[in-house]
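Asker: The structure is given below, and queries will be raised subsequently.
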Amino acid sequence: GNLVTHRLTKNADGTLNVSMPSSAENIFSTQLPLTVKLRPQQVSLDGNTVAFPNTTNASYILFDRIEGKRMITATITDVSAGAETGFVLGMDPQLQNTNFYRLRLSTIDGLIAGEEVTNPKPRVDAQLPFNLAPGKEYKIKLVIDGSVCVLYINDQTALTTRVYSANHNLWGLYAKNGTVKIKELAVIGW
């Protein structure tokens, strides 16, 4: 089995924040290189900042395989109204497999969702309310331990899902229906 631990804190209005316990976060200490495997020309990469153009079709940037326990950190910013963005996991190393998993954040439906993407339509595995608003920044931590993935947003919200193809396959970022910038991107090993 797998163990997922969360730290819960209470706001003044009685609502709860969900974050990663510092003892678990501190285990991730070795920053690993970002090795790009696929980047279309229209997707900008400057150091550890990725900028997606305004396009209705999804644009992707893919990185080398995830292996072992990893934490991916980033800040999502400069999101335009109508845009969708997130992570893709389990991409085929030959880039010929159209089946993968995505963690989707959208300015339209007020949700974050874990989805299995197979042609022609994605299947939602997990979702919860979250408003990705244009003009704001979002600190992201994505923890991958075997097939368990936990997406933390601003140390307030967490979405936990199981992605059997996360390990030993390519991972990446995507955006569509607007512009998105993802900065401070890092992969940190156990």
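Asker: Considering (1) under 21 Å from residue 49 (Cα atoms); (2) within 15 Å of the chain's Cα centre (by Cα), say which one residue 134 fails and leave the rest.
Answerer: (2)
Asker: Answer yes if at least one residue in segment 29-47 is basic (Lys, Arg), over 22 Å from residue 161 (Cα atoms) and surrounded by 15 or more Cβ atoms within 10 Å (Cβ to Cβ), and no otherwise.
Answerer: yes
Asker: Just to confirm my filter: which strands (runs of 3 or more DSSP E) fall fully inside segment 107-150 and include at least 3 residues that are closer than 19 Å to residue 91 by Cα and in contact (Cβ under 8 Å) with a residue 40 or more places away in the chain?
Answerer: 138-145
Asker: Report, by residue number, each residue of segment 4-26 that is open to solvent by 100 Å² or more (accessible area, probe 1.4 Å) and either in contact (Cβ under 8 Å) with a residue 60 or more places away in the chain or more than 24 Å from residue 130 (Cβ to Cβ) (or both).
Answerer: If the condition is that a residue be open to solvent by 100 Å² or more (accessible area, probe 1.4 Å) and either in contact (Cβ under 8 Å) with a residue 60 or more places away in the chain or more than 24 Å from residue 130 (Cβ to Cβ) (or both), then 26 is the only one that fits.
The values are calculated or read from the model by the stated rules, or taken from the named source; none is laboratory data. All values reported here derive from a predicted model rather than from experimental measurement. Neighbour counts are summed over all protein chains in view; Cβ atoms, including those assigned to glycine, are modelled from backbone coordinates with ideal geometry. Heads up: the accessible areas ignore ligands, DNA and RNA and are worked out on the full protein's heavy atoms, side chains in. Shrake-Rupley method; radii C 1.70, N 1.55, O 1.52, S 1.80 Å.
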